[in-house]
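Participant: Dropping a structure here in structure tokens format, bear with me for questions.
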Amino acid sequence: MEDRPPYRLPRNVVPDHYSLVLMPDLANAAFDGEASIDVRAVDAATEVILNAAELEISEARFTSEGEPDRPATVSYRPEEEQVVLVPHTPLQTGNYTLFLRFTGQLNDLLRGFYRSKFRRDNGEETWLAATQFEATDARRAFPCWDEPDLKASFGVTIVADEDLTVLSNTQEISSISLGNGKRRVQFADTIKMSTYLVAFVIGPFELTSPRDVDGVPLRIACVPGRGALTGLAGDAATHALRFLRDYFSMPYPSDKLDHVAVPDFASGAMENLGLVTYRETALLVSEDSSQDERQRVVSVIGHETAHMWFGDLVTMRWWDGTWLNEAFATYMELLVTDTFEPRWQIWSNFGIDQAAALATDGLRASRSIEFPVGRPDEVQDMFDVITYDKGAAVLRMIERHLGEDNYRRGLHFYLDKHRYSNTDTTDLWDALEVASGQPVRTTMGTWVDQAGYPLVTAELSSDGHALEISQRRFLLDGGPDKDDQRWVVPISVRYATGDGALGHEQLLLESSSTTIELKEDPAWALVNEGAWGFYRVHYSDELRRRIFASLAELDGRERLRLASDTWAETVAGVLSLEAPVELWSLLSADRDPDVWWGISGGLGLLDLVADDGETAAVAATARRLATGVFSSVGWQPDQDETPRVARLRARLVTLLGTLGADPDVHTEARQRLADADAGRTPLPPDLATAVARVIAAGGGAEAWELLYSHYKNAATPQDEVRYLDALGGFPEADLLRRSIELAFSGEVRSQDAPFLVAGILSRRDGCVVAWEAMEKRWDEMLDRWPPKSLQRALESLPGLAAAGDEFAQRVFSWLDSHPVGLGERRVQQARERLAINLAFKRRVAGRLNAVLGTD
Ligand SMILES: [Zn+2]
């Protein structure tokens with residue numbers, strides 16, 4: 001017997017090719033199916049085990065040329081989502097075709113083969129069907145060997161109502177009317193690929209006419225009435241396909257590429273080969289959507305298109321390698337976006353993603369990027385900020401260290417060597433070692449195989465001519481690191497020499513400490529130049545004084561990281577609150593929007609932990625910091641301003657109008673929306689979200705009705721989400737209760753409701769209201785929301801710091817007695833953050849008026 005856990009499939013019989021026929025009945029939420037699977041019996045077999053979940057198999061038989069049919073008995077192992085076929089006479093080594101006839105349900109849970117609903121312009125509700133198979137839900141649509149290394153080719157045929165559009169991974173090769181109102185659509189065979197990448201959508205979709213991207217036809221699909229929102233997607237998808245093909249020096253691995261917006265979609269998008277599916281906000285935007293919204297569309301398209309090679313053509317052997325797919329696609333989306341629109345300065349923006357990853361990875365409940373996945377469901381824990389953002393940050397760090405050309409050459413080796421096949425993470429490190437001649441495996445191992453990251457401490461030597469550098473793990477709770485972890489840290493230092501020139505030093509810190517010689521005692525020294533390194537820097541008081549005095553020498557991402565490191569050290573109790581407050585004042589004329597993201601984050605936490613008598617001082621501080629730079633930016637965009645200025649304006653309006661409680665900003669926001677509604681002056685797109693949030697922060701039932709009516713009459717998917725989310729931003733408990741009622745009313749899509757509730761939970765005014773509703777509706781959230789949505793909403797738990805220790809105890813004991821199962825790690829992280837916020841509150845509440853100064 002092989003030594004194999006029960007949830008893994010044996011390899012005695014493996015698939016080569018699937019011919020699938022699926023016949024969905026949208027009105028009755030069911031489907032019939034047939035599969036003819038060419039299999040190879042590697043050994044003689046008395047039983048064949050494959051995956052199936054919630055499928056009823058009515059017929060199963062094996063055929064082989066020149067031999068009588070071997071009908072098979074079918075038994076189910078529901079707990080393992082497996083089906084066991086026992087042929088009447090055993091299979092001999094050789095080739096067979098397995099024929100299966102089955103039925104299944106089109107579910108409403110946005111997984112497997114599911115139903116989605118939308119309303120046509122005439123108000124008629126219309127169904128469509130779509131698939132979402134990653135990680136292990138292909139088995140809900142057809143019986144299959146549902147493990148990523150059991151690659152096969154797929155020939156899909158769909159029988160559907162005549163008037164519906166049917167799409168799958170490859171080009172349509174025939175479409176035959178059956179005369180009964182149905183049509184049989186057959187698609188070309190796919191390349192050899194994993195089951196989780198198979199996809200089909202069936203519905204009244206509108207398609208753009210195909211663009212010929214150097215021989216690959218590319219289309220955007222959406223439900224009727226949304227066609228005007230596909231222009232940017234078409235341009236970005238064309239750019240992404242060309243850019244990536246050139247970057248990898250390798251042709252696109254399929255015969256066509258469709259990008260489809262699905263009205264109900266659990267995640268952001270899914271990289272099915274040749275048929276990428278999206279939630280509408282990630283694909284459809286109007287010409288006058290904000291740059292954030294447009295940038296998101298370009299990024300997601302870039303990400304999914306990168307997966308066509310990295311993930312689809314070359315695939316992880318088992319789910320523990322999923323992180324590399326995702327980290328890599330996240331990294332590539334930045335390159336695609338940067339080359340599509342350099343003015344967005346996406347690499348500056350990346351500082352925010354790095355900061356978010358550093359925040360989570362500073363928790364004891366963080367995890368190593370790569371971890372063993374046993375049961376395939378455990379992979380769900382991998383779809384988080386550690387995989388996407390820490391993963392991409394670590395890849396960027398190694399790319400900076402190896403050099404762009406070496407890195408790119410290594411990627412090409414890797415893709416070329418493993419195409420149509422499966423890999424382990426170390427295969428990529430090996431390819432990068434060959435290309436660069438550097439010890440990539442040992443360096444990356446320290447970043448990928450252990451949780452957390454170092455706090456690099458920098459001190460001047462006594463003569464000032466050297467930096468003493470050391471490392472230890474950074475923990476946001478400020479407690480000791482018992483594990484004595486070490487990383488191989490690429491250190492890059494920039495410093496000022498006396499003659500006005502700059503000095504640079506670069507090295508790999510492999511031990512716990514080292515000394516870096518400098519040309520002279522520097523006016524200032526920045527460790528982690530470019531902020532590419534995934535670590536925080538603790539400066540000695542003297543070095544901190546020098547760098548605070550030289551902020552103009554730092555670029556935007558470096559300033560953001562300095563602010564983020566300073567703030568994290570303050571929350572951890574390493575620095576006193578005076579340090580970030582001083583830094584914020586020094587940065588208050590800063591015109592980098594992401595620096596203001598950092599400042600706003602710190603002020604937001606102060607607002608959560610403040611005593612009731614101190615929130616006015618937090619608000620006054622926000623106004624004191626932001627008013628000056630806002631008056632230089634103003635409300636009205638200049639004709640020729642850069643996208644970064646528009647982004648800055650939106651951040652400042654949001655800060656002043658929410659945390660800053662600035663009455664002038666409230667009035668102006670209401671006026672501007674009224675002007676836009678009356679057709680007098682359109683709202684500048686980049687201000688739309690800020691204006692909605694500020695109006696909510698100003699409060700009042702009339703404002704609630706206004707934002708609600710904007711939600712109901714939204715022209716774009718982004719408008720819908722913008723006004724829905726704004727309904728969570730009211731100060732009044734009764735209005736927040738109305739918003740929560742709305743979230744559960746069935747009027748709001750289950751894909752959007754969790755975000756509304758999470759937004760309320762994250763706020764000082766809303767956390768208790770939201771938590772009380774969540775306790776009441778716990779089972780409903782688990783049953784009705786898409787899988788893992790509750791876990792995601794619980795990431796806003798740290799907001800409950802505003803409710804104080806006693807209430808938090810109630811929350812902790814509720815969570816103790818209501819485990820959420822998969823995705824529990826996210827909840828652990830959120831709990832830890834709440835505990836850290838509460839400790840921070842105990843330290844600083846009562847001191848805020850003194851430290852911030854009162855007006
Ligand atoms: Zn991805």
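Participant: Could you list, in sequence order, the residues of region 326-349 that are within 13 Å of the chain's Cα centre (by Cα) and of a type outside the set (D, E, K, R)?
Facilitator: Across region 326-349, the qualifying residues are Ala327, Phe328, Ala329, Thr330, Tyr331.
Participant: Going through region 708-743 one residue at a time, which ones are modelled with pLDDT under 95 and either more than 20 Å from Arg279 (Cα to Cα) or β-branched (Val, Ile, Thr) (or both)?
Facilitator: Correct list: Thr716, Val721.
Participant: So, in region 546-569, how many residues would count as being over 16 Å from Asp521 (Cα atoms), more than 25 Å from the chain's Cα centre (by Cα) and in contact (Cβ under 8 Å) with a residue 24 or more places away in the chain?
Facilitator: 6
Participant: Right, something else. If I ask for residues that are among the small types (Gly, Ala, Ser), surrounded by 14 or more Cβ atoms within 10 Å (Cβ to Cβ) and not in a strand (DSSP E or B), which ones from region 164-219 would you list?
Facilitator: Within region 164-219, Ala188, Ser194, Ala199 meet the criteria.
Condition check ((1) in contact with a helix residue (DSSP H, G or I) (Cβ under 9 Å, 6 or more places away or on another chain); (2) basic (Lys, Arg); (3) in contact (Cβ under 8 Å) with a residue 40 or more places away in the chain; (4) farther than 21 Å from Gln354 by Cβ) across all residues:
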position: Arg544; (1), (2), (3), (4): yes, yes, no, no
position: Val574; (1), (2), (3), (4): yes, no, yes, no
position: Glu578; (1), (2), (3), (4): yes, no, yes, yes
position: Asp592; (1), (2), (3), (4): yes, no, yes, no
position: Glu614; (1), (2), (3), (4): yes, no, yes, yes
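Participant: Which residues, taken from region 740-750, are free of Cβ contacts under 8 Å to residues at least 24 places away in the same chain, closer than 22 Å to Pro263 by Cβ and assigned to a helix (DSSP H, G or I)?
Facilitator: Result: Ala743, single match.
Participant: Condition first: over 15 Å from the mean Cα position of the chain (by Cα), closer than 19 Å to Ala451 by Cβ and surrounded by fewer than 22 Cβ atoms within 10 Å (Cβ to Cβ). Can you find one or more residues in region 374-381 that meet it?
Facilitator: yes
Participant: Still on this structure: Of the residues that sit in region 241-269 and are closer than 20 Å to Asn325 by Cα and crowded, with 24+ Cβ neighbours inside 10 Å, which one is farthest from the ligand (Cβ to nearest atom)?
Facilitator: Among residues in region 241-269 that are closer than 20 Å to Asn325 by Cα and crowded, with 24+ Cβ neighbours inside 10 Å, the one farthest from the ligand (Cβ to nearest atom) is Leu257.
Participant: Can I ask one more? Counting only residues that are part of a helix (DSSP H, G or I) and of a type in the set (Ser, Thr, Tyr), how many does region 257-283 have?
Facilitator: 1
Participant: Looking at region 587-599, is at least one residue in contact with a Pro (Cβ under 6 Å, 6 or more places away or on another chain) and modelled with pLDDT of 95 or more?
Facilitator: no
Participant: Those residues that are among the hydroxyl-bearing types (Ser, Thr, Tyr) and either outside any loop (DSSP other than H, G, I, E, B) or touching a Lys or Arg at 6+ places or on another chain (Cβ under 6 Å) (or both), I need them from region 549-583; list them, please.
Facilitator: Matches in region 549-583: Ser564, Thr566, Thr570.
Participant: OK, next. Is region 107-120 home to any residue that is closer than 21 Å to Met308 by Cβ and either assigned to a strand (DSSP E or B) or in contact with a Lys or Arg (Cβ under 7 Å, 6 or more places away or on another chain) (or both)?
Facilitator: For region 107-120, residues closer than 21 Å to Met308 by Cβ and either assigned to a strand (DSSP E or B) or in contact with a Lys or Arg (Cβ under 7 Å, 6 or more places away or on another chain) (or both): absent.
Participant: Here are some residues: Arg623, Arg672. Which one is part of a helix (DSSP H, G or I), without any contact (Cβ under 8 Å) to a residue 60 or more places away in the chain, among the charged types (D, E, K, R) and crowded, with 23+ Cβ neighbours inside 10 Å?
Facilitator: When all the criteria are applied, what remains is Arg672.
Participant: Could you give me the residue pairs with C-beta distances under 6 Å whose first residue belongs to region 270-286 and is within 18 Å of Thr337 (Cα to Cα), whose second residue is aliphatic (A, V, I, L, M) and within 12 Å of the ligand (Cβ to nearest atom) wherever it lies, and which are 6+ apart or on separate chains?
Facilitator: Pairs found: Tyr278/Ala269; Ala282/Ala269; Ala282/Val300.
Participant: Sticking with this structure for a sec: For region 599-642, what are the residues that are under 23 Å from Glu668 (Cα atoms), in contact with a Gly (Cβ under 9 Å, 6 or more places away or on another chain) and not hydrophobic (A, V, I, L, M, F, W, C)?
Facilitator: Within region 599-642, Thr621, Arg623, Arg624, Thr627 meet the criteria.
Participant: Follow-up. Determine, yes or no, whether Ser254 is modelled with pLDDT under 95, of a type in the set (S, T, N, Q) and not in a strand (DSSP E or B).
Facilitator: No: the conditions fail for Ser254.
Participant: Kindly provide the set of residues from region 270-303 that are within 16 Å of the ligand (Cβ to nearest atom) and hydroxyl-bearing (Ser, Thr, Tyr), ordered by number.
Facilitator: Answer for region 270-303, where residues must be within 16 Å of the ligand (Cβ to nearest atom) and hydroxyl-bearing (Ser, Thr, Tyr): Thr277, Tyr278, Ser299.
Participant: Quick one: is Ser588 over 19 Å from Gln345 (Cβ atoms), in contact (Cβ under 8 Å) with a residue 12 or more places away in the chain and polar (S, T, N, Q)?
Facilitator: Judged against the criteria, Ser588 is a match.
Participant: Every residue in region 350-366 that is surrounded by 21 or more Cβ atoms within 10 Å (Cβ to Cβ) and either within 16 Å of the ligand (Cβ to nearest atom) or assigned to a helix (DSSP H, G or I) (or both), please.
Facilitator: Phe350, Gly351, Gln354, Ala355, Ala357, Leu358, Thr360, Asp361
Participant: Moving on. Based on what the data block shows, is Ile369 surrounded by fewer than 22 Cβ atoms within 10 Å (Cβ to Cβ) and either farther than 20 Å from Gly821 by Cα or within 14 Å of the ligand (Cβ to nearest atom) (or both)?
Facilitator: Answer is no for this residue.
Participant: Which condition breaks for Ala650 when tested against (1) of a type in the set (Gly, Ala, Ser); (2) without any contact (Cβ under 8 Å) to a residue 12 or more places away in the chain; (3) part of a helix (DSSP H, G or I)?
Facilitator: (2)
Participant: Any idea how many residues of region 326-349 are in contact with an Asp or Glu (Cβ under 9 Å, 6 or more places away or on another chain) and more than 16 Å from the ligand (Cβ to nearest atom)?
Facilitator: Looking only at that region, the number is 7.
Participant: Another question about this same structure. Just name the residue that is surrounded by the most Cβ atoms within 10 Å (Cβ to Cβ) out of those in region 220-236 that are closer than 18 Å to Thr305 by Cα and not hydrophobic (A, V, I, L, M, F, W, C).
Facilitator: Thr230
Participant: Please identify the pairs in which a residue from region 292-319 that is within 16 Å of Leu257 (Cα to Cα) and in a helix (DSSP H, G or I) has its Cβ atom under 8 Å from the Cβ atom of a residue that is among the polar types (S, T, N, Q) and within 12 Å of the ligand (Cβ to nearest atom), counting only partners at least 6 apart or on another chain.
Facilitator: His303/Thr330; His307/Asn325
Participant: Sort out for me the helices (runs of 4 or more DSSP H) sitting completely within region 762-815 that have 2 or more residues that are surrounded by 18 or more Cβ atoms within 10 Å (Cβ to Cβ).
Facilitator: Those helices (runs of 4 or more DSSP H) span 767-776, 789-793.
Participant: Which strands (runs of 3 or more DSSP E) sit wholly inside region 1-90 and have at least 3 residues that are more than 26 Å from Thr157 (Cβ to Cβ)?
Facilitator: 70-77
Participant: For Glu558, indicate whether it is surrounded by fewer than 17 Cβ atoms within 10 Å (Cβ to Cβ) and either of a type in the set (D, E, K, R) or more than 24 Å from Asp463 (Cα to Cα) (or both).
Facilitator: Taking the combined requirement at face value, the residue does not satisfy it.
Participant: Quickly run through region 304-325 and pick out the residues that are polar (S, T, N, Q) and within 12 Å of the ligand (Cβ to nearest atom).
Facilitator: Selection gives Thr305, Thr322, Asn325.
The values are calculated or read from the model by the stated rules, or taken from the named source; none is laboratory data. Since this is a predicted model, take the numbers as computed values, not measurements. Here Cβ is always computed from backbone atoms with ideal geometry, including for glycine, and neighbour counts include all displayed protein chains.
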